[in-house]
Structure formats: structure tokens, C-alpha cells
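Step one of this worksheet: look at the structure below.
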């Protein structure tokens, strides 16, 4: 596979071009085209010599993702993109429009190996992790396609970000770098199911990002039923790591909590969750789940969701209900990719019989 230029920081790109007998300023030009001016091909890089553009085209990968499918919700304007990768895999990203800014939800892996029982991303396991360039270009391609500035990024799509630690860290640093989009790190959120050693590592990276923990149950017994990671790390271990992150960074952790009807949405669950959140001064983000046909869990009704939030707030916990978006366009993580793969299999089966 050709070297992925978009995954390189400026120093790495400078060293590569030096090996091609190009001066250092050429690296800044290429870097700007990739990360600030958002070129979609090497041929667009008009201030480079024709010879250099040809060499880059022939020998290197600019990681220019192709849109395989693009859906727009008629309900809320949310847009879902399916991107084709160089190796034939596909990944999905979501553009969410809010009143004052646009947020892009990016994937960090092709699929996921964490095995959470309510999620579509894990149904086929993890094929591979994404490069920093493949994560970056989800943001760039959407900004280029819409012509609208991206103001926030959440790494909450398919995959477990901390299972792809090095590339996710490079993604954050390039995305927030002054020579690229220069997105504030405070506008970047990383969501993890709770890989404790990597949460502790992340606390020492001197970043200003928000850490979100996918908790989804207030007790170890319940959490183990829906999240295999809970068999490796207890809630106490995981929240202690989150508390350490808060102490080291000053950034309050968010506890993500998907309400599953009849399973984790009772008053006693809310009371237990409030105690956990209070211990680490966390914010709670309540998530009304999008239905996944292959999963048994259903969304709690609106009354139960509101009562759950009220119970938390009466106990002094900051709690919001995430606005549900994209239900009419396979909104849940992994659903669009799974639908696309099913159609591809059906097509292959049909052509094999012709």
C-alpha cells in the first residue's frame, strides 16, 4: 500500500519530501492542501510543479475518500455518509446540524470488536482500524461536500477509539493543529466503552478534549449483560480512571447512558447512576437508542426518559437527553454500513447465478 500522506504530521511530510529532493516549503504547501484547503486530488494542488504532482499521484495515497452513499433525514436534516476505502471496505459518518454549529461523528474502525449487545457496529466484528488520514478525511470530505464549516467532532461512530489509540491521538493533534483546520480541542469528544489502561494514558497526553464513557448500566451485574468490556474492568475501576482523567485535565467526563426499555431505565437505576456520577462530578448524557432490528432492546418511552432525567436532576446531577437524529436514515452506528454490505452480498449472489 502507498504511504498515506494525510496521516503524516508536518515534520513527517517534510522528511518524506526532502527524500524526493524537494525544499521544506513544499511540505507546507502539500500539508495546507491536504488539511486546510481540503483538496480532493493531487491535481488540484495548483502551486506545485506538474512533476511533483505526478510523483505524488503515482506513488502516494492522499486518502481522498469516495462517497459511496449519502442520505439526508427528512425529519431533522441529519446527513449520513458511507465512504468507500482503498481496500474495498466501507465506513460511515454522520453530520449533525445544531443551531450554532455543525458536528461530525466519525468512525475509528471498520466495525468493532467490543461486542456491546445493543449496537449494530459490532455485529460483524472488527475488520481493521482506520488510519489517522481516514478519520481526518471523514471530516474534510463532509465539510467539502456541504461547503459548511465543521465546528465539532465526536469520535462515536463505529469502532472503539482507544482500541486504535495511536492513530486516534494523531488524528486529534492534526485536526486541532494550527496548520490544519485548527479545530479547538475542547470541541472534540472521544467516546470509549472503558479500556482502563488507555484512559489513564490519555490523561497524560496534555489534551483538552472531552472524554465520554459509555456506561449504560449502574451496576456491574447489569453492565456485564450488555457490555463484554465489563468482564475485564469493574465500574469502580473504570470510574476511578475517569476521575483521574478529570483531575489531570480539568475536563469533566461525560457518562453516556443508553436507555433500554425495561432493562436499565427504572427509578432505582437512575438513583444508582446519580451516586456514580456525583463521585466523579460527571455530566450524564441520556441516549434514547435508535432501534437495531438484529438486537432485542427497545427504546424507553418519552415519559420514562423524562422521569429518568428528572430523578438525576433532583439529586443534583447535570443531565441532558441527547436529541435523537437520523432515525429515518439508519441512524444507529453501523446500520447504514450493514445495510450496504447486505445489498452487496445479495448482488454478488444474484450475479453468481446468472
(request) Test residue 126 against the criterion of being within 30 Å of residue 3 (Cα to Cα) and assigned by TED's automatic domain parsing to the domain that holds residue 258, and give yes or no. (result) yes
(request) Would you check which residues across segment 76-102 are assigned to a strand (DSSP E or B) and either within 14 Å of residue 65 (Cα to Cα) or free of Cβ contacts under 8 Å to residues at least 60 places away in the same chain (or both) and list them? (result) 81, 82, 83, 84, 90, 91, 92, 93, 95, 97, 102
(request) Restricting attention to segment 35-58, report how many residues are under 28 Å from the mean Cα position of the chain (by Cα), in a helix (DSSP H, G or I) and free of Cβ contacts under 8 Å to residues at least 40 places away in the same chain. (result) 1
(request) May I ask you to list the residues in segment 201-222 that are on the phi < 0 side of the Ramachandran plot, within 22 Å of the chain's Cα centre (by Cα) and surrounded by 19 or more Cβ atoms within 10 Å (Cβ to Cβ)? (result) 202, 203, 207, 209, 210, 211, 212, 213, 214, 215, 217
(request) Would you mind stating whether residue 232 is surrounded by fewer than 20 Cβ atoms within 10 Å (Cβ to Cβ) and touching a residue at least 40 places away in the same chain (Cβ under 8 Å)? (result) no
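Among the residues of segment 48-73, which ones are loosely packed, with under 12 Cβ neighbours inside 10 Å and either touching a helix residue (DSSP H, G or I) at 6+ places or on another chain (Cβ under 6 Å) or within 16 Å of residue 6 (Cβ to Cβ) (or both)?
59
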(request) Output the strands (runs of 3 or more DSSP E) that fall wholly within segment 206-317 and possess 1 or more residues being more than 22 Å from residue 115 (Cβ to Cβ) and either in contact with a helix residue (DSSP H, G or I) (Cβ under 6 Å, 6 or more places away or on another chain) or not assigned by TED's automatic domain parsing to the domain that holds residue 105 (or both), or say none. (result) 283-288
(request) Could you figure out which of (1) assigned to a helix (DSSP H, G or I); (2) surrounded by fewer than 21 Cβ atoms within 10 Å (Cβ to Cβ); (3) touching a helix residue (DSSP H, G or I) at 6+ places or on another chain (Cβ under 6 Å); (4) touching a residue at least 60 places away in the same chain (Cβ under 8 Å) isn't true of residue 143? (result) (3)
(request) Within segment 97-115, work out how many residues are modelled with pLDDT under 95 and touching a strand residue (DSSP E or B) at 6+ places or on another chain (Cβ under 9 Å). (result) 3
(request) Restrict the check to segment 185-193 and report whether at least one residue is part of a loop (DSSP other than H, G, I, E, B) and closer than 19 Å to residue 107 by Cα. (result) yes
(message) Every residue in segment 170-179 that is crowded, with 18+ Cβ neighbours inside 10 Å and in a helix (DSSP H, G or I), please.
(response) 170, 171, 172, 174, 175
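The values are calculated or read from the model by the stated rules, or taken from the named source; none is laboratory data. The structure presented is a predicted model; accordingly, all values stated were derived computationally and were not measured. Positions of Cβ are generated from backbone atoms using ideal geometry, with glycine treated the same way; all protein chains shown enter the neighbour counts.
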